[in-house]
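Before any comments, here is the structure.
The values are calculated or read from the model by the stated rules, or taken from the named source; none is laboratory data. Owing to the predicted nature of the structure, the values given are computational and were not obtained by experimental measurement. A quick note on method: Cβ atoms are made from the backbone with ideal geometry, for glycine too, and the neighbour counts reach across all protein chains shown. What goes into the accessible areas is simple: the full protein's heavy atoms, side chains included, and nothing from ligands, DNA or RNA. Shrake-Rupley method; radii C 1.70, N 1.55, O 1.52, S 1.80 Å.
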Amino acid sequence: MTISTALRPVTGLNRWWISAPAAGIALGVLTNLAQGGLSGASNQIANSGAVWCVPAFTTGALAAAAHMALRKSVLAGLCTTIGLVVGYYGYAEFGRDGMGSPFWPLVWLAMALVSGPLFGAAGAWWRRGHTARRRVVGLAALAGVFGMESIQYTWVLHYTPQAWTCAALLVAIPLLMARRHKERALTLLTALAFSVIAYAVIELPLQHVSA
């Protein structure tokens, strides 16, 4: 049995539209539960937008490993992030004291509509990219969101442990997941650039909205 064949039941093959959102909903609920269970600096794991990008990247990579078309990796990523939002705020509404104003659920849903397809494609490019450029860009996108959060934790929130953790992931992801030494170096450099761009495009507008 090949690896791709073994992964087909995991990805749901032709039932990815069920497994991807179901996984997203479960992880969304888990994230909400973690906010009440994790203490100290570790609680930021449950508040991390970068962590929410990982499931979309993973489902995109798994879909690619099962030889699905790129569009299915994109849609699987989208379904996963929508599931995350539904699971998180659904549990907040029915399992806690209510989600309050619909403003932030709508903001995160809008972000899910963008980040899901992007990271689904990034996962597919990393897993089955036929060129080094695609593999580098796909993996750098994942590393870059942790770099973005490291900037946020350092300059805005002043959360030193979280900043160092995200910075470590920024470096570790290219080193551990890229295929060759040259790709590791290129992925890290690209991720550093993505970190700054993502901070300017995502975090700064969110700070303005929050204020």
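Can you pull out every residue in segment 63-80 that is among the aliphatic types (A, V, I, L, M) and either open to solvent by 10 Å² or more (accessible area, probe 1.4 Å) or farther than 21 Å from ARG128 by Cβ (or both)?
Those that are among the aliphatic types (A, V, I, L, M) and either open to solvent by 10 Å² or more (accessible area, probe 1.4 Å) or farther than 21 Å from ARG128 by Cβ (or both): MET68, ALA69, LEU70, VAL74, LEU75, LEU78.
Keeping to segment 81-107, report how many residues are surrounded by 16 or more Cβ atoms within 10 Å (Cβ to Cβ) and either of a type outside the set (Phe, Trp, Tyr) or not in a helix (DSSP H, G or I) (or both).
Selection size over segment 81-107: 11.
Going residue by residue through segment 61-73, is there one that turns out to be in contact (Cβ under 8 Å) with a residue 12 or more places away in the chain, in a helix (DSSP H, G or I), among the small types (Gly, Ala, Ser) and within 19 Å of ILE45 (Cα to Cα)?
No, every residue in segment 61-73 fails to be in contact (Cβ under 8 Å) with a residue 12 or more places away in the chain, in a helix (DSSP H, G or I), among the small types (Gly, Ala, Ser) and within 19 Å of ILE45 (Cα to Cα).
Answer yes if at least one residue in segment 173-188 is within 17 Å of SER48 (Cβ to Cβ) and either touching a Ser or Thr at 6+ places or on another chain (Cβ under 7 Å) or open to solvent by 30 Å² or more (accessible area, probe 1.4 Å) (or both), and no otherwise.
Step one: of segment 173-188, the residues within 17 Å of SER48 (Cβ to Cβ) are 173.
Restricting the remaining residues to those that are either touching a Ser or Thr at 6+ places or on another chain (Cβ under 7 Å) or open to solvent by 30 Å² or more (accessible area, probe 1.4 Å) (or both) gives none.
No - not one qualifying residue is present in segment 173-188.
Being over 14 Å from LEU189 (Cα atoms), touching a residue at least 24 places away in the same chain (Cβ under 8 Å) and open to solvent by 30 Å² or more (accessible area, probe 1.4 Å) is the filter here; which residues of segment 133-153 pass it?
Answer for segment 133-153, where residues must be over 14 Å from LEU189 (Cα atoms), touching a residue at least 24 places away in the same chain (Cβ under 8 Å) and open to solvent by 30 Å² or more (accessible area, probe 1.4 Å): just ILE151.
Go through (1) in contact (Cβ under 8 Å) with a residue 40 or more places away in the chain; (2) within 25 Å of MET99 (Cβ to Cβ); (3) open to solvent by 40 Å² or more (accessible area, probe 1.4 Å) and name the single condition GLY28 misses.
Here GLY28 clears every test but (3).
Output the qualifying pairs, or none if there are none: Cβ atoms under 9 angstrom, residues six or more apart or on different chains, first residue in segment 154-178 and of a type in the set (S, T, N, Q), second residue not in a helix (DSSP H, G or I).
GLN162/SER48
Name the one entry in ALA20, ALA34 that is assigned to a helix (DSSP H, G or I), within 21 Å of VAL114 (Cα to Cα) and out of contact with any Asp or Glu (no Cβ under 7 Å at 6 or more places or on another chain).
ALA20 is the lone residue from the list that is assigned to a helix (DSSP H, G or I), within 21 Å of VAL114 (Cα to Cα) and out of contact with any Asp or Glu (no Cβ under 7 Å at 6 or more places or on another chain).
What are the pairs with Cβ atoms under 8 angstrom where one residue, in segment 186-211, is within 11 Å of ALA141 (Cα to Cα) and the other, located anywhere, is open to solvent by 80 Å² or more (accessible area, probe 1.4 Å) and in a helix (DSSP H, G or I)? Sequence gap at least six, or different chains.
Taking only residues 6 or more apart or on different chains, the pairs are LEU188/LEU175.
Among the residues of segment 7-49, count how many are in contact with a helix residue (DSSP H, G or I) (Cβ under 8 Å, 6 or more places away or on another chain) and at pLDDT below 70.
Total satisfying the criteria: 5.
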